[in-house]
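For reference, the structure discussed in these notes is given below.
Taken together, the values in this text are just the output of simple stated rules run on the coordinates, not laboratory data. This is a predicted model, so every value here is computed, not measured. In this analysis, Cβ positions are derived from the backbone assuming ideal geometry, glycine residues included, and neighbour counts consider all displayed protein chains.
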Amino acid sequence: MAQPTDRELEAIELELRTHEVQCDERWRTTFKRLEDIEGTLLRIETRTMTLGGTVILFLATLVITVVTGGA
């Protein structure tokens, strides 16, 4: 196998640099999207917990009302 020429090495080096820049940008984009997804999931979890607590309090109030004979 023949040794690569200086031009071929420069072309390979340029392709590698280009690839590294593109990958770096893709990773930054991916991490940004993951952070956005984590924020959205946190909001969904908070709302779900609040809704669950509200339902539990409502049902507990109904049970207490029925057990004590109502108003």
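Where does the charge balance sit around Leu42 when Lys and Arg score +1, Asp and Glu -1, over other residues with C-beta under 12 Å from its C-beta?
Within the 12 Å Cβ shell, the charges total -2.
In degrees from 0 to 90, rounded to the nearest 10, what is the angle of the helix 6-68 Cα long axis to the longest principal axis of the chain?
Taking the Cα atoms of the chain, the angle to 6-68 is about 0 degrees.
How big is the convex hull of the Cα atoms of the chain, per residue, in Å³? Intermediate results must be reported in sequence, preceding the final value.
Numbers: hull volume 5.2 nm³, N = 71.
For the chain, the hull spanned by Cα atoms encloses 74 Å³ per residue.
Determine, for Asp36, Asp6, the number of other Cβ atoms within 10 Å of each Cβ, and report the residues in order from fewest to most.
With the sparsest Cβ surroundings first, the list reads Asp6, Asp36.
Which one of Gly53, Ile12, Ile64 is farthest out on the positive end of the charge dipole of segment 8-71, using unit charges on Cβ (Lys, Arg +1; Asp, Glu -1) and the Cα centre as origin?
Ile64
FRET efficiency for Glu45 and Val67, Cβ-Cβ distance as r, R0 = 30 Å, nearest 0.05? Spell out each step's value before the answer.
On the way: r = 33 Å, r/R0 = 1.09.
Here the calculated transfer efficiency is 0.40.
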